[in-house]
1. I'd like to know if segment 130-151 contains one or more residues that are among the hydrophobic types (A, V, I, L, M, F, W, C), part of a helix (DSSP H, G or I) and over 25 Å from residue 455 (Cα atoms).
2. Can you tell me which condition residue 292 does not meet? The list is (1) touching a residue at least 24 places away in the same chain (Cβ under 8 Å); (2) surrounded by fewer than 17 Cβ atoms within 10 Å (Cβ to Cβ), and all the others hold.
3. Looking for whichever is more than 22 Å from residue 114 (Cβ to Cβ) and modelled with pLDDT under 95 here; the options are 416, 449, 425. Which one fits?
4. Can you tell me which residue among 401, 388, 423 is closer than 21 Å to residue 90 by Cα, more than 19 Å from the chain's Cα centre (by Cα) and not β-branched (Val, Ile, Thr)?
5. Scan segment 376-421 for residues that are surrounded by fewer than 14 Cβ atoms within 10 Å (Cβ to Cβ) and β-branched (Val, Ile, Thr) and report the count.
6. Considering (1) assigned to a loop (DSSP other than H, G, I, E, B); (2) outside the structural domain of residue 331 (by TED's automatic domain parsing); (3) surrounded by fewer than 23 Cβ atoms within 10 Å (Cβ to Cβ), say which one residue 253 fails and leave the rest.
7. Give me the pairs: first residue in segment 412-436 and farther than 21 Å from residue 455 by Cβ and among the polar types (S, T, N, Q), second residue modelled with pLDDT of 90 or more and surrounded by 14 or more Cβ atoms within 10 Å (Cβ to Cβ), beta-carbon distance under 7 Å, and six or more apart or on different chains, which are they?
8. Can you find even one residue in segment 98-113 that is without any contact (Cβ under 8 Å) to a residue 12 or more places away in the chain, within 23 Å of residue 276 (Cα to Cα) and outside any loop (DSSP other than H, G, I, E, B)?
Amino acid sequence: MRVCILGGGTAGWMTASALSKKLKNVINSITLVESESIGTVGVGEATLPHIRLFNEGLGIEESAFMKQTEATFKLGIEFCDWGRLGDSYIHPFGDFGQSINGVAFYQHLLKLTKHGDYGVLDDYAFGISAAKNNKFQLPKGGKTPLQQAFGYAYQFDAGLYAKYLRRFSESNGVRRIEGKVVDTVINEKSGDVSSITLDDGQQISADLFIDCSGFRGVLIEQVLKSGYQDWSNWLPCNRAVAVPCERQTHLSPYTRATARQAGWQWRIPLQHRTGNGHVYWNEYISDDEAVSVLLNNLDGPALGEPKQLFFKTGRRNHFWKNNVVAIGLSAGFLEPLESTSIHLIQEGITNLLELFPHDSTSPLDISEYNSRMSLQFERVRDFLLLHYVATKRDDSEMWRYFTNMTLPDSLQQKIQGWLHRGYIQRYQFGAFLPPSWIAVMMGQNLVPQHYDPRVDCSNFEQVKRQSQAMRADIAGAVQNAKSHADFLKAIGAASNTELLRAK
């Protein structure tokens, strides 16, 4: 098989690095075509824990990678002003407490809170307590199971990550060509793309083309006319402005998403700077006003002019059509509220590796790939939409829009199951496990009417003692943990020790 990847950036170089590492004896050649003049979106800087598996699969050493990409650790996402103005909670990467008699601890807490002050879910998650105190340790460093029951991800400079993976890919034989596509040749019999022609006249033939050309979808849409499912009725925010700023505060191991009148603002602390952006719905705020909201809510001085982005939430009708696979923004776009952009790239790559064609594409493999990716996108869509509809806010036109929305059946069923008895339906395919749904629903004041009746089979006094012991276990461990900045320095992941010191 000969593979041609159209487009660089995070999607292109993640794809190139994975294929060149995992299929080196299957693929004859990998060519990546990109143009420096086109550039990339380059603002996706926060990730989910799955990225660790991707890097480990490539044999990338964690501290070296973090030093090269100015990365920080990420224990979760703090959501401010989503359920109500003044509210905040953290969605962590891990479970809450330890199950008792085979029943998840959050179910016991639902009963406990009816009988006194036994804290909130946050008190039973090491990741949350560590994040609030700007502390960090690896799960394997925990002394008890409760101290190990969390995951972590990274916050990094996406441009530096792409450059890091470019070096990795080229060392594994990937050939990069500078150029823009000006023409394509289609096989009249099969409908496959036979070759692409670049602006300098070069013609590149391949058996499989991977479209990482971003929103334009040069091959999957402009050539093969895949079509697009517009999800703007559910996720109507359609623009963003992004700008980095100087880091002025302690190095926090979490991302922040703050709800605004017509959208929300992200804050991603890296070693050398803080990434910021304002995602918004232009029907209720002008571009100039959106920029003003962003610039007035930065930690420090802006490091450049705000970058404007335009998008339409949704996905392609076909992620894989004929011999073209779309990965990254060419496959679809969902706002980065839960740091899913890079995750969906990774899912596209992982599924392609599992279904990679032997000598020619198979309709069965294509159908399976499209089914898996459709579920991934739809379930992320539902999870993002949950943040907007699980709210008491009605202080602006945008929030009133969401209170009157007809939800997708899949999300409506999820919410109803939770409100009835705290039940969370499990998915085979989907980025977010039950603890993530629980974190958002409880964090935004969706409290179940009942709890699992099996809770009443446990000795209540014993459950109270166990809950108190859990809180004490976590509090003591957090107190003894290193600060996030000190941990980075200790493992050799700091690019510049001076930058890690709070100003």
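The values are calculated or read from the model by the stated rules, or taken from the named source; none is laboratory data. Here the structure is a predicted model, which means the values were calculated and not measured. A quick note on method: Cβ atoms are made from the backbone with ideal geometry, for glycine too, and the neighbour counts reach across all protein chains shown.
1. First, the residues of segment 130-151 that are among the hydrophobic types (A, V, I, L, M, F, W, C): 130-131, 136, 138, 146, 149-150.
Of the ones still in play, those that are also part of a helix (DSSP H, G or I) are 130-131, 146.
After this cut, where a residue has to be over 25 Å from residue 455 (Cα atoms) as well, the list is 130-131.
Yes, segment 130-151 contains at least one residue that is among the hydrophobic types (A, V, I, L, M, F, W, C), part of a helix (DSSP H, G or I) and over 25 Å from residue 455 (Cα atoms).
2. (1)
3. That would be 425, the only listed residue that is more than 22 Å from residue 114 (Cβ to Cβ) and modelled with pLDDT under 95.
4. Numbers: 401 fails: closer than 21 Å to residue 90 by Cα; 388 fails: more than 19 Å from the chain's Cα centre (by Cα).
That would be 423, the only listed residue that is closer than 21 Å to residue 90 by Cα, more than 19 Å from the chain's Cα centre (by Cα) and not β-branched (Val, Ile, Thr).
5. 2
6. (3)
7. 436/91
8. No, that holds for no residue.
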